[in-house]
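One structure is given below, encoded as C-alpha coordinates.
The values are calculated or read from the model by the stated rules, or taken from the named source; none is laboratory data. The structure displayed is predicted, hence computed values, not measured ones. Using ideal geometry, Cβ is built from the backbone for each residue, glycine included, and neighbour counts are taken over all protein chains shown.
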Amino acid sequence: MPVFEFKFVVREHNIMTEDFLQFAWRTLSFKLQVLKTRNQEIIRIITPGVHNRDQGPDFLDARIRIGKVEWNGQVEIHLHGDEWYRHGHHRDPLYNNVILHVVYEKGKDQARRLDGTPIPELVLGPLLDPDVKSRYENLQKQMDEIPCRHLLNTVPTGILYSWYEVLFRERLMRKADDFRRETTHKTTDLHEAYFLALAGHFGGILNGELFRTLFRDLPYSVIRKNADKPEVLEAILLGKAGLLRREDFEDPYEINLKQEWLYQQKKYNLASPPAISLRYMRMRPAGFPDLRLAQLAVFLHQYPDPGIFIHPESWKGLLKQKFIPSNYWKTRHRIGQAEKAHTHVRPGKDFLTLLLMNVLLPLAYFLKSAHGKPLISSEEWNFIRMLPPEKNRITRLFEQSGLKAGSATEAQAQIQLYKQYCLNKKCLNCAIGKYCIGGGDINRDYLMEG
(Lines give C-alpha, C1' and ligand atoms only; values in the text may rest on other atoms or scores of the structure.)
Protein backbone atom coordinates (compact mmCIF):
# COMPACT_ATOMS: atom_id res chain seq x y z
CA MET A 1 0.00 0.00 0.00
CA PRO A 2 1.58 3.29 -1.06
CA VAL A 3 2.46 5.83 1.62
CA PHE A 4 1.62 9.42 0.84
CA GLU A 5 3.63 12.19 2.39
CA PHE A 6 1.94 15.56 2.63
CA LYS A 7 4.07 18.67 2.89
CA PHE A 8 2.54 22.03 3.72
CA VAL A 9 4.57 24.96 2.52
CA VAL A 10 3.72 28.31 4.05
CA ARG A 11 5.15 31.16 2.05
CA GLU A 12 6.70 33.86 4.17
CA HIS A 13 4.42 36.61 2.93
CA ASN A 14 1.16 34.72 3.51
CA ILE A 15 0.69 36.55 6.80
CA MET A 16 1.79 39.83 5.24
CA THR A 17 -1.02 42.25 4.46
CA GLU A 18 -1.37 45.46 2.54
CA ASP A 19 -2.48 47.10 5.77
CA PHE A 20 0.91 46.31 7.31
CA LEU A 21 2.76 47.70 4.30
CA GLN A 22 0.73 50.89 4.61
CA PHE A 23 1.57 51.02 8.32
CA ALA A 24 5.27 50.47 7.58
CA TRP A 25 5.23 53.21 4.92
CA ARG A 26 3.40 55.64 7.22
CA THR A 27 5.81 55.02 10.13
CA LEU A 28 8.91 54.63 7.92
CA SER A 29 9.61 51.21 9.45
CA PHE A 30 12.12 50.17 6.79
CA LYS A 31 15.74 50.92 5.84
CA LEU A 32 15.69 54.48 4.53
CA GLN A 33 19.38 54.59 3.67
CA VAL A 34 19.23 51.97 0.90
CA LEU A 35 16.13 52.99 -1.07
CA LYS A 36 16.36 52.48 -4.83
CA THR A 37 13.84 51.98 -7.60
CA ARG A 38 13.88 48.84 -9.71
CA ASN A 39 15.90 50.95 -12.19
CA GLN A 40 18.46 51.71 -9.44
CA GLU A 41 17.53 55.37 -8.99
CA ILE A 42 18.11 56.61 -5.44
CA ILE A 43 14.95 57.44 -3.45
CA ARG A 44 14.74 59.97 -0.62
CA ILE A 45 11.43 60.27 1.25
CA ILE A 46 10.74 63.83 2.38
CA THR A 47 7.19 63.13 3.56
CA PRO A 48 5.34 59.81 3.06
CA GLY A 49 2.01 61.59 2.50
CA VAL A 50 -1.42 61.43 4.10
CA HIS A 51 -3.13 58.06 4.38
CA ASN A 52 -6.18 58.02 2.10
CA ARG A 53 -9.05 55.82 3.33
CA ASP A 54 -11.33 56.75 0.43
CA GLN A 55 -11.27 55.79 -3.23
CA GLY A 56 -7.99 56.31 -5.03
CA PRO A 57 -4.27 55.85 -4.22
CA ASP A 58 -3.25 54.89 -0.67
CA PHE A 59 -1.29 58.04 0.17
CA LEU A 60 -1.82 61.60 -0.99
CA ASP A 61 0.48 64.65 -1.05
CA ALA A 62 3.70 62.68 -0.66
CA ARG A 63 7.03 64.43 -1.33
CA ILE A 64 9.73 62.14 -2.66
CA ARG A 65 13.09 62.75 -4.36
CA ILE A 66 13.82 60.18 -7.07
CA GLY A 67 17.23 60.61 -8.61
CA LYS A 68 17.71 64.36 -8.93
CA VAL A 69 14.02 65.26 -9.21
CA GLU A 70 11.67 66.04 -6.32
CA TRP A 71 8.11 64.84 -6.88
CA ASN A 72 4.88 65.80 -5.14
CA GLY A 73 2.00 63.37 -5.65
CA GLN A 74 0.48 60.07 -4.67
CA VAL A 75 1.79 56.67 -3.55
CA GLU A 76 0.09 53.34 -4.22
CA ILE A 77 0.95 50.21 -2.20
CA HIS A 78 0.48 46.55 -3.15
CA LEU A 79 1.66 43.18 -1.91
CA HIS A 80 2.70 42.18 -5.43
CA GLY A 81 3.72 44.47 -8.26
CA ASP A 82 1.35 42.85 -10.76
CA GLU A 83 -1.66 43.90 -8.64
CA TRP A 84 -1.40 47.31 -10.31
CA TYR A 85 -2.71 45.72 -13.50
CA ARG A 86 -5.02 43.22 -11.81
CA HIS A 87 -6.80 46.11 -10.07
CA GLY A 88 -7.08 48.05 -13.32
CA HIS A 89 -5.14 51.09 -12.10
CA HIS A 90 -3.46 51.44 -15.50
CA ARG A 91 -6.89 52.34 -16.92
CA ASP A 92 -8.01 54.59 -14.06
CA PRO A 93 -7.38 58.37 -14.27
CA LEU A 94 -7.50 58.54 -10.45
CA TYR A 95 -4.01 56.99 -10.49
CA ASN A 96 -2.44 59.38 -13.02
CA ASN A 97 -0.64 61.32 -10.26
CA VAL A 98 1.01 58.31 -8.60
CA ILE A 99 4.72 59.09 -8.27
CA LEU A 100 5.84 55.85 -6.59
CA HIS A 101 4.54 52.28 -6.61
CA VAL A 102 5.53 50.54 -3.34
CA VAL A 103 5.31 46.72 -3.29
CA TYR A 104 6.27 43.84 -1.03
CA GLU A 105 7.34 41.73 -4.02
CA LYS A 106 8.38 42.86 -7.49
CA GLY A 107 5.97 42.09 -10.30
CA LYS A 108 6.70 40.97 -13.85
CA ASP A 109 6.04 44.34 -15.45
CA GLN A 110 6.59 47.86 -14.20
CA ALA A 111 3.42 49.81 -13.42
CA ARG A 112 2.30 52.37 -16.00
CA ARG A 113 -0.20 55.24 -15.91
CA LEU A 114 -3.16 55.67 -18.23
CA ASP A 115 -0.96 57.53 -20.73
CA GLY A 116 1.59 54.69 -20.72
CA THR A 117 4.34 56.47 -18.75
CA PRO A 118 6.18 54.19 -16.29
CA ILE A 119 5.95 54.66 -12.53
CA PRO A 120 9.06 54.21 -10.35
CA GLU A 121 8.76 51.12 -8.14
CA LEU A 122 10.16 50.45 -4.66
CA VAL A 123 10.34 46.83 -3.43
CA LEU A 124 9.84 47.11 0.32
CA GLY A 125 9.92 43.44 1.39
CA PRO A 126 13.67 43.04 2.04
CA LEU A 127 13.88 46.48 3.66
CA LEU A 128 11.23 46.10 6.36
CA ASP A 129 12.23 46.51 10.00
CA PRO A 130 12.53 42.87 11.13
CA ASP A 131 11.50 43.68 14.72
CA VAL A 132 8.34 45.51 13.69
CA LYS A 133 7.51 42.83 11.14
CA SER A 134 8.03 40.08 13.72
CA ARG A 135 5.83 41.77 16.32
CA TYR A 136 3.06 42.26 13.77
CA GLU A 137 3.24 38.65 12.58
CA ASN A 138 3.20 37.37 16.15
CA LEU A 139 0.00 39.28 16.85
CA GLN A 140 -1.60 37.94 13.69
CA LYS A 141 -0.66 34.37 14.64
CA GLN A 142 -2.12 34.66 18.14
CA MET A 143 -5.11 32.40 18.81
CA ASP A 144 -6.10 34.36 21.94
CA GLU A 145 -9.36 36.33 21.75
CA ILE A 146 -7.31 39.40 22.64
CA PRO A 147 -4.16 39.00 20.49
CA CYS A 148 -2.06 41.46 22.54
CA ARG A 149 -3.26 40.22 25.95
CA HIS A 150 0.33 39.45 27.06
CA LEU A 151 1.39 43.02 26.23
CA LEU A 152 -1.52 45.00 27.68
CA ASN A 153 0.32 45.78 30.91
CA THR A 154 3.01 47.60 28.90
CA VAL A 155 0.63 50.11 27.30
CA PRO A 156 0.90 53.61 28.84
CA THR A 157 -2.30 54.78 30.54
CA GLY A 158 -2.35 57.92 28.40
CA ILE A 159 -2.61 55.88 25.21
CA LEU A 160 -5.12 53.50 26.77
CA TYR A 161 -7.59 56.06 28.08
CA SER A 162 -7.37 58.31 25.03
CA TRP A 163 -8.19 55.25 22.93
CA TYR A 164 -11.04 54.33 25.27
CA GLU A 165 -12.67 57.70 24.60
CA VAL A 166 -12.36 57.20 20.83
CA LEU A 167 -13.80 53.69 21.12
CA PHE A 168 -16.74 54.84 23.24
CA ARG A 169 -17.60 57.52 20.68
CA GLU A 170 -17.30 54.96 17.87
CA ARG A 171 -19.76 52.65 19.62
CA LEU A 172 -22.11 55.51 20.39
CA MET A 173 -22.08 56.63 16.75
CA ARG A 174 -22.63 53.08 15.51
CA LYS A 175 -25.68 52.67 17.72
CA ALA A 176 -26.96 56.13 16.73
CA ASP A 177 -26.67 54.97 13.11
CA ASP A 178 -29.10 52.15 13.98
CA PHE A 179 -31.75 54.83 14.62
CA ARG A 180 -30.78 56.60 11.40
CA ARG A 181 -31.18 53.41 9.38
CA GLU A 182 -34.51 52.57 11.02
CA THR A 183 -35.95 56.01 10.34
CA THR A 184 -34.98 55.91 6.67
CA HIS A 185 -37.54 53.12 6.15
CA LYS A 186 -40.79 54.46 4.75
CA THR A 187 -42.75 52.45 7.31
CA THR A 188 -40.68 53.43 10.37
CA ASP A 189 -40.63 56.82 12.08
CA LEU A 190 -38.66 57.94 15.12
CA HIS A 191 -41.30 56.77 17.60
CA GLU A 192 -41.42 53.29 16.10
CA ALA A 193 -37.61 53.08 15.98
CA TYR A 194 -37.60 54.07 19.66
CA PHE A 195 -40.19 51.41 20.49
CA LEU A 196 -38.31 48.67 18.64
CA ALA A 197 -35.02 49.62 20.31
CA LEU A 198 -36.70 49.49 23.73
CA ALA A 199 -38.27 46.14 22.88
CA GLY A 200 -34.89 44.77 21.85
CA HIS A 201 -33.33 45.85 25.14
CA PHE A 202 -36.14 44.56 27.35
CA GLY A 203 -36.01 41.26 25.48
CA GLY A 204 -32.34 40.83 26.28
CA ILE A 205 -29.88 38.58 24.47
CA LEU A 206 -32.29 35.66 24.09
CA ASN A 207 -35.56 37.43 23.24
CA GLY A 208 -34.49 40.84 21.97
CA GLU A 209 -34.71 40.05 18.27
CA LEU A 210 -37.91 38.07 18.82
CA PHE A 211 -39.50 41.11 20.50
CA ARG A 212 -38.44 43.31 17.60
CA THR A 213 -39.95 40.85 15.13
CA LEU A 214 -43.19 40.52 17.09
CA PHE A 215 -43.70 44.27 17.51
CA ARG A 216 -42.51 45.52 14.12
CA ASP A 217 -46.08 45.58 12.77
CA LEU A 218 -47.55 47.15 15.93
CA PRO A 219 -48.17 50.84 15.08
CA TYR A 220 -46.72 53.17 17.69
CA SER A 221 -49.87 55.25 17.41
CA VAL A 222 -51.61 52.47 19.35
CA ILE A 223 -49.02 52.79 22.13
CA ARG A 224 -49.30 56.58 22.16
CA LYS A 225 -53.11 56.57 22.34
CA ASN A 226 -52.99 54.27 25.37
CA ALA A 227 -49.90 55.74 27.05
CA ASP A 228 -51.96 56.94 30.03
CA LYS A 229 -53.22 53.40 30.72
CA PRO A 230 -50.34 51.07 31.65
CA GLU A 231 -52.66 48.05 32.10
CA VAL A 232 -53.90 48.45 28.53
CA LEU A 233 -50.30 48.74 27.28
CA GLU A 234 -49.46 45.58 29.20
CA ALA A 235 -52.36 43.70 27.59
CA ILE A 236 -51.34 44.86 24.10
CA LEU A 237 -47.69 43.87 24.55
CA LEU A 238 -48.43 40.50 26.14
CA GLY A 239 -51.13 39.76 23.58
CA LYS A 240 -48.95 40.74 20.61
CA ALA A 241 -46.21 38.50 22.01
CA GLY A 242 -48.58 35.54 22.01
CA LEU A 243 -48.64 35.22 25.80
CA LEU A 244 -52.43 35.55 26.15
CA ARG A 245 -53.46 32.64 23.92
CA ARG A 246 -54.42 30.30 26.74
CA GLU A 247 -58.05 29.43 27.30
CA ASP A 248 -57.69 28.31 30.92
CA PHE A 249 -56.80 31.58 32.69
CA GLU A 250 -58.43 31.61 36.13
CA ASP A 251 -57.01 34.69 37.84
CA PRO A 252 -59.28 37.75 37.28
CA TYR A 253 -56.26 39.86 36.32
CA GLU A 254 -55.25 37.37 33.62
CA ILE A 255 -58.81 37.17 32.32
CA ASN A 256 -59.04 40.98 32.15
CA LEU A 257 -55.70 41.16 30.31
CA LYS A 258 -56.89 38.71 27.66
CA GLN A 259 -60.25 40.48 27.24
CA GLU A 260 -58.47 43.82 26.92
CA TRP A 261 -56.09 42.40 24.30
CA LEU A 262 -58.95 40.98 22.23
CA TYR A 263 -60.78 44.31 22.43
CA GLN A 264 -57.70 46.34 21.40
CA GLN A 265 -56.84 43.85 18.68
CA LYS A 266 -60.28 44.25 17.13
CA LYS A 267 -60.37 48.01 17.67
CA TYR A 268 -57.07 48.67 15.89
CA ASN A 269 -57.20 45.67 13.54
CA LEU A 270 -53.96 44.28 14.97
CA ALA A 271 -52.53 41.12 13.42
CA SER A 272 -52.48 37.98 15.52
CA PRO A 273 -49.03 37.05 16.80
CA PRO A 274 -47.05 34.57 14.69
CA ALA A 275 -46.21 31.15 16.07
CA ILE A 276 -42.93 32.19 17.70
CA SER A 277 -41.85 30.63 20.97
CA LEU A 278 -40.19 32.96 23.43
CA ARG A 279 -37.16 31.63 25.27
CA TYR A 280 -36.85 30.84 28.97
CA MET A 281 -34.08 28.24 29.12
CA ARG A 282 -30.88 29.19 30.95
CA MET A 283 -32.42 32.49 32.01
CA ARG A 284 -32.89 33.95 35.45
CA PRO A 285 -36.56 34.51 36.33
CA ALA A 286 -35.96 38.27 36.59
CA GLY A 287 -35.37 38.28 32.83
CA PHE A 288 -38.40 36.21 31.80
CA PRO A 289 -40.13 37.86 28.81
CA ASP A 290 -43.56 38.09 30.51
CA LEU A 291 -42.22 40.20 33.38
CA ARG A 292 -40.03 42.28 31.07
CA LEU A 293 -43.03 43.15 28.89
CA ALA A 294 -44.98 44.26 31.97
CA GLN A 295 -42.02 46.50 32.88
CA LEU A 296 -41.82 47.80 29.31
CA ALA A 297 -45.50 48.78 29.50
CA VAL A 298 -44.77 50.89 32.59
CA PHE A 299 -41.73 52.44 30.88
CA LEU A 300 -43.80 53.44 27.83
CA HIS A 301 -46.46 54.83 30.18
CA GLN A 302 -43.86 57.11 31.79
CA TYR A 303 -41.76 57.87 28.68
CA PRO A 304 -44.00 57.69 25.59
CA ASP A 305 -42.09 60.48 23.79
CA PRO A 306 -38.50 59.73 22.71
CA GLY A 307 -37.76 63.43 22.27
CA ILE A 308 -37.42 63.87 26.03
CA PHE A 309 -34.09 62.04 26.02
CA ILE A 310 -32.36 64.82 24.12
CA HIS A 311 -32.24 66.53 27.53
CA PRO A 312 -29.63 65.12 29.96
CA GLU A 313 -31.94 65.81 32.92
CA SER A 314 -34.07 62.91 31.70
CA TRP A 315 -31.06 60.56 31.92
CA LYS A 316 -30.64 61.28 35.61
CA GLY A 317 -34.38 61.02 36.23
CA LEU A 318 -34.54 57.68 34.47
CA LEU A 319 -32.15 56.05 36.93
CA LYS A 320 -34.33 57.18 39.84
CA GLN A 321 -37.52 55.67 38.41
CA LYS A 322 -38.76 52.26 39.60
CA PHE A 323 -41.00 51.14 36.71
CA ILE A 324 -43.05 48.84 38.93
CA PRO A 325 -45.91 47.01 37.16
CA SER A 326 -49.14 45.94 38.86
CA ASN A 327 -49.23 43.95 42.10
CA TYR A 328 -50.03 40.85 40.07
CA TRP A 329 -46.32 40.59 39.17
CA LYS A 330 -45.18 40.54 42.80
CA THR A 331 -45.93 36.81 42.78
CA ARG A 332 -45.34 36.05 39.10
CA HIS A 333 -42.42 35.87 36.67
CA ARG A 334 -44.62 34.26 34.01
CA ILE A 335 -48.25 34.94 33.36
CA GLY A 336 -50.54 32.26 34.75
CA GLN A 337 -47.89 30.76 37.04
CA ALA A 338 -48.27 31.93 40.64
CA GLU A 339 -45.36 31.55 43.03
CA LYS A 340 -43.95 33.02 46.23
CA ALA A 341 -43.44 36.76 46.47
CA HIS A 342 -40.15 37.94 44.91
CA THR A 343 -38.08 41.12 44.65
CA HIS A 344 -37.72 41.18 40.85
CA VAL A 345 -40.81 43.27 40.17
CA ARG A 346 -38.93 46.32 39.01
CA PRO A 347 -35.91 46.36 36.67
CA GLY A 348 -32.61 46.73 38.50
CA LYS A 349 -30.31 49.71 38.31
CA ASP A 350 -27.80 47.78 36.19
CA PHE A 351 -30.56 47.04 33.68
CA LEU A 352 -31.52 50.74 33.53
CA THR A 353 -27.88 51.82 33.19
CA LEU A 354 -27.49 49.47 30.24
CA LEU A 355 -30.72 50.83 28.77
CA LEU A 356 -29.31 54.33 29.03
CA MET A 357 -25.94 53.40 27.51
CA ASN A 358 -27.17 51.12 24.71
CA VAL A 359 -30.46 52.76 23.68
CA LEU A 360 -31.18 56.18 25.13
CA LEU A 361 -27.75 57.81 24.82
CA PRO A 362 -27.45 56.73 21.16
CA LEU A 363 -30.99 58.04 20.66
CA ALA A 364 -30.00 61.39 22.21
CA TYR A 365 -26.86 61.45 20.03
CA PHE A 366 -28.98 60.83 16.94
CA LEU A 367 -31.52 63.51 17.91
CA LYS A 368 -28.81 66.08 18.65
CA SER A 369 -27.03 65.45 15.35
CA ALA A 370 -30.36 65.71 13.50
CA HIS A 371 -31.08 69.07 15.16
CA GLY A 372 -27.54 70.42 14.76
CA LYS A 373 -26.94 70.58 18.53
CA PRO A 374 -23.64 69.95 20.35
CA LEU A 375 -23.36 66.19 20.68
CA ILE A 376 -21.98 65.66 24.19
CA SER A 377 -21.16 68.52 26.56
CA SER A 378 -18.49 68.30 29.25
CA GLU A 379 -21.23 68.15 31.89
CA GLU A 380 -22.86 65.21 30.13
CA TRP A 381 -19.50 63.48 29.80
CA ASN A 382 -18.91 63.85 33.53
CA PHE A 383 -22.30 62.29 34.28
CA ILE A 384 -21.77 59.35 31.91
CA ARG A 385 -18.29 58.67 33.31
CA MET A 386 -19.74 58.34 36.80
CA LEU A 387 -22.02 55.45 35.80
CA PRO A 388 -20.88 51.99 36.95
CA PRO A 389 -19.48 49.53 34.39
CA GLU A 390 -21.50 46.61 33.14
CA LYS A 391 -20.25 43.11 33.80
CA ASN A 392 -20.29 40.63 30.96
CA ARG A 393 -18.05 38.07 29.32
CA ILE A 394 -16.08 40.69 27.40
CA THR A 395 -15.40 43.01 30.35
CA ARG A 396 -14.42 39.99 32.46
CA LEU A 397 -11.99 38.95 29.71
CA PHE A 398 -10.26 42.33 29.88
CA GLU A 399 -10.34 42.29 33.68
CA GLN A 400 -8.56 38.93 33.65
CA SER A 401 -5.98 40.58 31.37
CA GLY A 402 -5.36 43.36 33.89
CA LEU A 403 -7.69 46.00 32.43
CA LYS A 404 -10.66 46.38 34.75
CA ALA A 405 -13.29 48.78 33.43
CA GLY A 406 -13.84 51.57 35.93
CA SER A 407 -16.95 53.10 34.41
CA ALA A 408 -19.77 52.47 31.96
CA THR A 409 -17.88 54.34 29.23
CA GLU A 410 -14.80 52.16 29.69
CA ALA A 411 -16.92 49.01 29.56
CA GLN A 412 -18.55 50.19 26.34
CA ALA A 413 -15.09 50.99 24.94
CA GLN A 414 -13.88 47.47 25.76
CA ILE A 415 -16.89 45.96 24.00
CA GLN A 416 -16.17 48.08 20.91
CA LEU A 417 -12.47 47.17 21.07
CA TYR A 418 -13.18 43.45 21.33
CA LYS A 419 -15.91 43.23 18.68
CA GLN A 420 -14.51 45.60 16.06
CA TYR A 421 -10.74 45.19 16.49
CA CYS A 422 -9.64 42.14 18.51
CA LEU A 423 -11.91 39.58 16.84
CA ASN A 424 -10.93 40.86 13.39
CA LYS A 425 -7.25 41.30 14.37
CA LYS A 426 -7.29 44.91 13.22
CA CYS A 427 -4.20 45.62 15.30
CA LEU A 428 -2.92 48.22 12.84
CA ASN A 429 -6.12 50.25 13.24
CA CYS A 430 -5.98 50.04 17.04
CA ALA A 431 -3.97 52.46 19.19
CA ILE A 432 -3.03 49.61 21.54
CA GLY A 433 -2.02 47.35 18.66
CA LYS A 434 0.06 50.06 17.02
CA TYR A 435 1.87 50.69 20.28
CA CYS A 436 2.60 46.97 20.71
CA ILE A 437 3.89 46.69 17.15
CA GLY A 438 5.92 49.88 17.49
CA GLY A 439 7.77 51.87 14.87
CA GLY A 440 11.16 50.24 15.29
CA ASP A 441 14.63 51.71 15.64
CA ILE A 442 15.98 50.61 12.28
CA ASN A 443 16.61 54.20 11.12
CA ARG A 444 17.86 55.67 14.41
CA ASP A 445 21.50 56.06 13.36
CA TYR A 446 20.54 57.17 9.85
CA LEU A 447 18.19 59.88 11.14
CA MET A 448 20.71 61.06 13.71
CA GLU A 449 23.32 61.44 10.99
CA GLY A 450 21.18 63.71 9.02
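List of remarks:
- Residue match in the stretch 230-250 (condition: aromatic (Phe, Trp, Tyr), assigned to a helix (DSSP H, G or I) and either more than 25 Å from the chain's Cα centre (by Cα) or more than 15 Å from ALA294 (Cα to Cα) (or both)): no
- Those residues of the stretch 262-301 which are assigned to a loop (DSSP other than H, G, I, E, B) and in contact with a Phe, Trp or Tyr (Cβ under 8 Å, 6 or more places away or on another chain), in sequence order: TYR280, PHE288
- Per the conditions (1) farther than 19 Å from LEU300 by Cα; (2) of a type in the set (A, V, I, L, M, F, W, C); (3) modelled with pLDDT of 95 or more, the sole criterion not satisfied by ILE205 is (3).
- Contact annotation: residue pairs with Cβ atoms under 9 Å, 6 or more positions apart or on different chains, pairing a residue in the stretch 57-75 that is under 13 Å from HIS101 (Cα atoms) with a partner that is buried (at least 18 other Cβ atoms within 10 Å of the Cβ) and among the hydroxyl-bearing types (Ser, Thr, Tyr), are PRO57/TYR95; ILE66/THR37; GLN74/TYR95.
- The lone exception for MET386 - which of (1) within 30 Å of HIS150 (Cβ to Cβ); (2) surrounded by fewer than 19 Cβ atoms within 10 Å (Cβ to Cβ); (3) not basic (Lys, Arg) it fails: (1)
- Residue identified as touching a residue at least 60 places away in the same chain (Cβ under 8 Å) and not β-branched (Val, Ile, Thr) among LEU375, LEU428: LEU428
- PRO118 fulfils the conditions (1) crowded, with 20+ Cβ neighbours inside 10 Å; (2) without any contact (Cβ under 8 Å) to a residue 12 or more places away in the chain except for a single criterion, (1).
- Members of the stretch 305-343 that are buried (at least 20 other Cβ atoms within 10 Å of the Cβ), outside any helix (DSSP H, G or I) and not hydrophobic (A, V, I, L, M, F, W, C): PRO325, ARG332, HIS333
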